[in-house]
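For reference, the structure is listed below as C-alpha cells.
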Amino acid sequence: MQFDQLKRREFITLLGGAAAWPFAVRAQQPAMPVIGFMSARSPEDSVHLLEAFRRGLKEGGFVEGENVAIEFRWARGNYSRLPALAADLVSRQVSTIVAAGGEPSGLAAKSATAAIPIVFGIGGDPVRLGLVESFSRPSGNATGVTLLTNLMEPKRLGLLRELVPGVPVIGVLLNPNFVQAPVQLQQIEEAAGSIDQRITVANVSTDEELEAAFAAFASERVGALLVTADPYFDTRREQIVGLAARYRLPAIYQFREYAVAGGLLSYGVSITDAYRQYGVYAARILKGAKPADLPVLQPTKFETVINLKTAKVLGVKISDNLLSLADEVIE
C-alpha cells in the first residue's frame, strides 16, 4: 500500500511539472526585440509613412505586436528635443534605432550611441555629415537612406521659373535651425544668380515667423514661392499650403504630399518608398545584419506632381512642356 501511495505522489508531481512546462519555456524565450523609432516630424503628418515602414518590416518577417515592439518618439519639428529623445531610447536598450525625419534625427541618434544599430533617413550627404564613412561600406553602427531632397533646390527653382516665367521676385522659406540650411541657401543663390533671378529669403523656424514671412512676401510683392526641403516645414504642411493659397502664391515643394494637400507643384522622390526601406533595413538588422555591411541607399526615381485644381484657383496656366514632365497630375 505504501508503494502504491508513493507511486501516486510521483505521478501527481509529474503532472504538476508538466503543467508548469509552458511557463518555464516562455521564461526561457528571448525577449521581443524593440525598435526605437525617433523622428523630427510629427505623428499626425506621418500616418501614411508609418504604414510604409510597417510594410517594410513585414517584408522582413516582423509584425508589430507579434514578434517586434516599437517605441515612438516625436520632436514635432523642434530639433532641440532630439538629443533627449535619442538618449531615452538608448537608456531603454532598444535593439535598433530608426532615426527618421531628416538629418537632425540621424545626427542625434549617432551622437547618442556608437553601439546600438541605427537606420537613418536623411535628405543630404551622409558622408559629409559624418554619419558614415562611405555609401558602399558605411562602417560604424549606422546606415540608411538618403533621399537627396536637400540637394534639389536648384532644380525646384528652375521648375518654379518655368511655372511662372518672368516673375520679378521669388520668395524662399528657409529654416536656419536645419543643419543643411547653409548648403541649401548657397545652392539657391548660385542658381538664382545664373539665371538673373531676384530672390528674397525668409528665415522661419516657428509658427509666428511662418505667418510673418508670408506677410513680408506680400509687402515685397513676391510672385512665387520656393519652400525648401525641411522636416519642420513637413510638420506644418497644411498651414504652409493654406498660407500660399491665402496670399495667392504659386509654390513648389519637396514631396507629393504637399500637392495632394493643395500645393501647386512638387518635385522630389517618393518618401513612402523610403520609409518602406527603413523597415526593410531594420528587419535585416534584427536578423543579425550589421549596419556596416548595408550600403546607404539612394533614390533612382524623381517625380513631378502638379495640382491643376490649385492652378485654376490661382489663375496659373501650366505650360505644355511642364505638363509633359509631370509624373502625376491632380485634377
Local net charge near LEU174, Cβ-Cβ under 12 Å (Lys/Arg +1, Asp/Glu -1): -4
Region 150-211-region 252-331 distance, computed between alpha-carbon centres (Å): 19
Sparse-neighbour loop sites [GluC sites (Glu not before Pro); region 62-131; at most 11 other C-beta within 10 Å; DSSP]: GLU66
Virtual spin-label span in nm between GLU66 and VAL90, 7 Å along Cα→Cβ: 3.4
Nearest-10 value in Å² for the accessible area of THR149, using the 1.4 Å probe: 10
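Which of the GluC sites (Glu not before Pro) found in region 190-260 are loop residues per DSSP with 14 or fewer other Cβ atoms within 10 Å of their Cβ?
Within region 190-260, the qualifying GluC sites (Glu not before Pro) (loop, at most 14 other Cβ atoms within 10 Å) are GLU220.
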Relative contact order (percent, whole number), the chain, Cα cutoff 8 Å, 6+ residue spacing: 20
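Using a 1.4 Å probe on the protein chains only, how many percent of the accessible area of the chain belongs to carbon and sulfur? Write out the running numbers ahead of the final one.
On the way: 8260 of 15380 Å².
Ligands and nucleic acids excluded, carbon and sulfur give 54 percent.
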Backbone N under 19 Å from the VAL127 label point (7 Å along Cα→Cβ), restricted to region 267-310: 291-300
Restraint check, LYS110/LYS290; LYS155/LYS301; LYS58/LYS290; LYS110/LYS155, Cα-Cα greater than 24 Å: LYS110/LYS155
Cα→Cβ-extended label distance, 7 Å offset, between ALA218 and ASP273, nm: 4.0
CD proxy at 222 nm, helix term only [per DSSP H run n ≥ 4: -39500 (n - 2.57); per residue of the chain; nearest 500]: -13500 deg cm²/dmol
For the chain, with +1 on Lys and Arg beta carbons and -1 on Asp and Glu, the positive-most of ALA326, LEU159, ALA75 along the dipole: ALA75
Qualifying aspartates and glutamates (Cα of each under 13 Å from Cα of LYS312; at least 8 residues distant if same chain): GLU331
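The values are calculated or read from the model by the stated rules, or taken from the named source; none is laboratory data. These figures come from a predicted structure and were not determined experimentally. Every residue, glycine among them, receives a Cβ derived from its backbone with ideal geometry; neighbour counts consider all protein chains shown. Side chains are part of the model used for accessible areas, which takes the heavy atoms of the whole protein and leaves out ligands, DNA and RNA. Shrake-Rupley method; radii C 1.70, N 1.55, O 1.52, S 1.80 Å.
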